[in-house]
1. Any residue that is over 17 Å from the mean Cα position of the chain (by Cα), outside any helix (DSSP H, G or I), more than 21 Å from CYS55 (Cα to Cα) and not aliphatic (A, V, I, L, M) - is there at least one of those in the range 267-275?
2. Looking only at the range 1-24, filter to residues that are aliphatic (A, V, I, L, M) and part of a loop (DSSP other than H, G, I, E, B); which one of those is modelled with the lowest pLDDT?
3. So, in the range 183-205, how many residues would count as being of a type in the set (Gly, Ala, Ser), buried (at least 23 other Cβ atoms within 10 Å of the Cβ) and in a helix (DSSP H, G or I)?
4. Which number in (1) buried (at least 18 other Cβ atoms within 10 Å of the Cβ); (2) modelled with pLDDT under 80; (3) closer than 24 Å to CYS55 by Cβ; (4) in contact with a helix residue (DSSP H, G or I) (Cβ under 6 Å, 6 or more places away or on another chain) marks the one condition that LEU208 misses?
5. Would you mind stating whether SER180 is more than 12 Å from GLY92 (Cβ to Cβ) and surrounded by fewer than 24 Cβ atoms within 10 Å (Cβ to Cβ)?
6. Within the range 96-109, work out how many residues are free of Cβ contacts under 8 Å to residues at least 24 places away in the same chain, of a type in the set (A, V, I, L, M) and not in a helix (DSSP H, G or I).
7. If I go through the range 54-80 residue by residue, how many of them are at pLDDT below 85, aliphatic (A, V, I, L, M) and surrounded by 15 or more Cβ atoms within 10 Å (Cβ to Cβ)?
8. So which residues in the range 41-53 are in contact (Cβ under 8 Å) with a residue 60 or more places away in the chain and either β-branched (Val, Ile, Thr) or surrounded by fewer than 23 Cβ atoms within 10 Å (Cβ to Cβ) (or both), if there are any at all?
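The values are calculated or read from the model by the stated rules, or taken from the named source; none is laboratory data. Bear in mind that the values here come from a model prediction, so they are computed numbers and not experimental data. So basically every Cβ, Gly included, is an ideal-geometry build from the backbone, and we count neighbours across all protein chains shown.
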Amino acid sequence: MDELSIGTLLLSSVAGGLIGFLSGVFGIGGAFLLVPLLSSLLGIPLPVAVGSTTCYTLGPATTALLARRPSPGFFELPMILAGGLFAGVYVGTSSLTALQSMGQAEFLGRPVAAVDLAVMSCYAVLITSIAFASLGSAVRATVRPRSDSDDPSAPAEPPRGLITRWNVPPLARIPDLTPSVYSIPLLAAMGFGVGCLSGFLGMSGGLLLVPATVYLLGQRVQDAATLTVIIVWIVSCQASVLHALNDRVHLGLTVALLATGPPGARLGAEFGMRLPGRQLRLGFGIVVLAAAGIVWARLWSLLTAG
């Protein structure tokens, strides 16, 4: 693994603090913003950015898990997901390794780094979709006023528990959760998707897990947040080990991110609690849209480089 300069590590620490602050303000994991920032603006090799960011997320995830102190019953569903999570992480990290070994690939007659093209393309589609979904939600909330008793951050609520309606055997019964019956194969499939995101893109999956556990598994928002913390911790552990075995975790970079990320997240959380829900949604959409611009610019530079 190539060594990173002191200047790059210092700038990475600044980036970690900035993303940590934004994570605290908007209540997100931040890895989906941090990986493109490290790679596109600081020039850190994309596989190293993915692996080190995955390892970094283990720190905040551990802190959040210790702070919530979930009851033993909340660990049952994440442990059922664990097999699917590991399979997804393995597939994601193996795909990253395969793309690294490919080196250059031909795209529109130009040689392009295969791993950069694949990962940045996935980030471009994912981040752009998230940005427009968030901005659309903020605009709809502005156009359609709500009463004072309504939660300004809550969108129109779709039907909950879409997965729990399909009782594909074998079934698991978890008395501490409501609903209490879950299809093990469907939970494994859900875990596989989250694991792929973590292994291939360096994302913990928290950004998608909260709405997934609410609308697909029918959980209350408070319970969904607790389950998400546990799942993120499990998948971060799995992905960190596999990335480290493939020499994609830079210890100095991880330490630099951990030095500023958690304090920044704490400051951001205190600031974010003072903002109304509509402003948070709009601000989040703008931040993610800016990140999408960075990713698209990086893709353009890859495709036009001679």
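1. Scanning the range 267-275, I find at least one residue that is over 17 Å from the mean Cα position of the chain (by Cα), outside any helix (DSSP H, G or I), more than 21 Å from CYS55 (Cα to Cα) and not aliphatic (A, V, I, L, M), so the answer is yes.
2. Our first condition is that a residue be aliphatic (A, V, I, L, M); within the range 1-24, this holds for 1, 4, 6, 9-11, 14-15, 18-19, 22.
Cutting the leftovers down to part of a loop (DSSP other than H, G, I, E, B) gives us 1, 4.
Numbers: MET1: 56, LEU4: 83.
For the range 1-24, the residue satisfying everything is MET1.
3. 4
4. (4)
5. yes
6. Of the range 96-109, the ones free of Cβ contacts under 8 Å to residues at least 24 places away in the same chain are 98-99, 101-106, 109.
Those left that are additionally of a type in the set (A, V, I, L, M): 98-99, 102, 105.
Then drop every residue that is not not in a helix (DSSP H, G or I), which leaves 105.
So the answer is 1.
7. 4
8. Within the range 41-53, LEU41, ILE44, VAL48, VAL50, THR53 qualify.
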